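Participant: There's a structure below that I have some questions on.
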Amino acid sequence: MNQDDVEAWTELSDIYLSKQNFTKALFCYEEVIANMPKNYLVNLRYAETLYSSFKSTQDFEELVLARKYFSHAAILKEGSCIRALIGLV
């Protein structure tokens, strides 16, 4: 797989999420973020995956990182991003 193929990484992350393999899904989203750092939807999905991973592992570092990405997604979206704001709460 080409490292710059954003669609393939996104599809692969969806497959891993359907299997609840959060670690591999997070890696895929990191590759997408490396190619599209200013896309608020990618940052939002990464934050949601981090939050889901926190719920299964109880690792508070992931929760803190999820809040950072929720706030980053809210900043990147011009206007208001309700999903990101709800994630912060």
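Participant: For the chain, compute Rg over Rh where Rg is the Cα radius of gyration and Rh is the Kirkwood radius from the inverse mean 1/r over Cα pairs. The partial results should precede the final answer.
Facilitator: Details: Rg = 12.5 Å, Rh = 13.0 Å.
Result for the chain is an Rg/Rh of 0.96.
Participant: In which sequence would T23, T49 go, from the one with the fewest C-beta neighbours within 10 Å to the one with the most? Please list the in-between numbers first.
Facilitator: Details: T23 10, T49 22.
By the 10 Å Cβ count, ascending, the order reads T23, T49.
Participant: Relative to the compact globular guide of 2.2 N^0.38 Å, what is the alpha carbon radius of gyration of segment 4-47, as a ratio?
Facilitator: 1.01
Participant: Please compute the contact order of the chain in relative form: average sequence separation of alpha-carbon pairs under 8 Å and at least six residues apart, divided by the residue count, as a percent.
Facilitator: 22 percent
Participant: Give the distance, in whole Å, between the Cα centre of segment 5-23 and the Cα centre of segment 31-67.
Facilitator: 13 Å
Only the coordinates and a few stated rules stand behind these numbers; no lab work does. No experiment lies behind these values; they were computed from the predicted model shown. Cβ: placed from backbone, ideal geometry, glycine included. Neighbour counts: every protein chain shown.
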